[in-house]
Amino acid sequence: MINYRCTVKVSISGVRGIFGQDLTLHDVLQFSRGFSKLLEKECVLARDTRDSSKIIADTATAALMEQGIDVYNLGISPTPFAFRKARKHGAALIVTASHNPLEWNGLKFVLDGRGIFEEELEKIKIPLNKVKPIGKEYDIDSNYPKELVNLIGKVNGRLKVAVDTAGGAASGYAASILSETRCDVISINDKHGISSRMPDPTTDELYDLHNVVVTNKCDVGFAFDLDGDRLVVMNKNGVKLQPDITLLLCMAKAIDMGIKDFVISMDTSKAIEDYAKSMNCKVRRAKVGETNVVRAMLENNVPAGGEGSSGGFMLKDFNMCRDGMLASVLISTLLNSRTYDECLQLSSQYHLMRGKVEVDSSLHNEVIENLRKVLEKESSSIDYTDGIRAIIDDSWIIIRGSNTEHSIRLSVESKNQDRSKSLYSKYEQKIREENAKRKRDY
């Protein structure tokens with residue numbers, strides 16, 4: 001088996017690590033060769049704008065061609081573009097660490113237009129060095145922008161929209177797509193590799209976007225991560241909204257389109273369920289992780305879903321991945337409507353806090369197991385589908401190991417803001433204490 005070192009993370013979300021330290025070109029070769037075992041003859045390849053992405057993409061391309069796979073290269077391209085193109089070619093390999101810090105990079109694996117499942121990941125982990133007849137490489141373009149505009153159509157009236165792509169793969173594309181839907185767009189951080197903020201819009205304060213929205217009296221602001229699958233919304237007052245509101249607004253638009261059944265991740269705000277119930281719609285929960293949500297959608301024939309924590313929405317028949325550009329267009333069609341205002345009002349009733357504590361992945365199970373014993377005494381019900389999700393009075397708390405970082409993630413939601421802060425502070429401290437104990441033992 002491949003020997004994983006230090007901070008490299010291997011999960012259904014892909015392979016991620018700090019390039020040049022724990023993620024090396026040798027790892028890229030091995031994982032790309034392993035992925036080739038799941039492919040027939042063709043694979044789409046795309047990359048984000050990190051400094052290391054070009055050399056990783058070249059190495060992955062060589063490894064796939066070495067194993068007889070023809071590579072259809074999109075170059076710098078958003079993750080949703082690659083997922084949609086994978087429906088035609090059967091697979092995609094995306095060089096990105098998504099929202100992780102810039103020094104990180106990785107590989108994201110796509111089969112049949114979806115992320116890989118656990119059993120497929122296990123096959124990829126087994127090294128393969130057998131050389132096959134050399135494959136070919138083709139440079140290709142994506143029809144995604146045109147297909148998205150054709151799907152959703154134009155917005156009502158003229159809207160002024162601010163867009164911040166963080167110098168990532170969505171640069172140029174997001175603004176162009178929104179312009180095609182009849183929005184007047186003001187763009188910042190729209191050149192590849194140049195940005196005034198960090199990659200993850202869910203954790204960055206987005207000060208520059210705030211200034212643009214307020215100064216130019218925009219109707220809305222949209223912030224993307226480096227590969228374009230995450231979206232955060234900023235209202236016309238320059239207030240950054242919780243990523244769960246991105247999902248709520250997209251779901252509201254999907255309901256307008258006739259969809260009545262959804263899958264959401266375990267750590268998504270209860271506001272989503274409340275809204276669905278008010279609209280006579282069904283919502284079921286799945287483990288956190290894009291692929292886990294997609295798997296539940298496929299197994300239960302559910303047309304839409306997403307993850308509140310990442311502001312990620314998925315429309316199965318269009319794309320089986322979090323799709324920030326799809327979300328931005330859907331939300332634009334709701335602006336200045338009663339539905340938009342109702343969603344914001346509903347979400348304001350909940351106080352959701354999310355964070356993480358740095359814990360090495362090798363200690364996740366022990367730390368969480370000891371916290372389980374505490375939560376069992378304090379909660380009225382507990383769910384072990386993904387880490388621990390406990391109900392405490394009218395609040396919920398979830399503690400789970402991260403799929404993408406060496407951290408344990410903590411989420412708490414309550415209708416009482418002080419209660420939410422108190423629970424978060426309490427269990428953040430308990431995670432730190434348990435981690436310290438485990439480290440001393442080692």
Which of the trypsin sites (Lys or Arg not before Pro) across region 54-160 are loop residues per DSSP, with 13 or fewer other Cβ within 10 Å? Lys130, Lys136, Lys154, Arg158
Separation of alpha-carbon centers, region 256-297 and region 62-97, rounded to whole Å: 29
For a footprinting-style exposure proxy, rank Phe222, Phe83 by other Cβ within 10 Å, fewest first. Phe83, Phe222
Hydropathy first: keep DSSP H helices in the chain averaging at least -1.0 on Kyte-Doolittle, then drop any whose Cα extent along the axis falls short of 20 Å, and list what survives. 243-256
Cα atoms only, region 260-397: Rg and Dmax in Å? 16.5, 49
For region 352-441, what D do you get in µm² per second when you plug the Kirkwood radius from alpha-carbon pairs into Stokes-Einstein at 37 °C and 0.692 mPa s? 253
Going by C-beta contacts inside 10 Å, put Leu231, Leu371 in order with the fewest on the left. Leu371, Leu231
Which value in deg cm²/dmol, rounded to the nearest 500, describes the helix-derived mean residue ellipticity at 222 nm for the chain, given -39,500 (n - 2.57) per DSSP H run of n ≥ 4 and division by the residue count? -11500 deg cm²/dmol
Which of the aspartates and glutamates could a cross-linker bridge to Lys439, judged by Cα under 16 Å and excluding same-chain residues fewer than eight apart? Glu358, Asp360, Glu366, Glu369
What trypsin sites (Lys or Arg not before Pro) in region 402-442 are in a loop by DSSP, with at most 16 other Cβ atoms within 10 Å of the Cβ? Lys415
How large, in Å, is region 9-139 by the Kirkwood hydrodynamic radius built from its alpha-carbon pairs? 14.1
Here Rg/Rh (Cα, Kirkwood) for region 156-237 equals 0.93
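Coordinate-derived values only; no laboratory data. Please read these numbers as outputs of a predicted model, since none were measured by experiment. For neighbour counting, all protein chains shown are included, and Cβ atoms are generated from backbone atoms with ideal geometry for every residue, glycine included.
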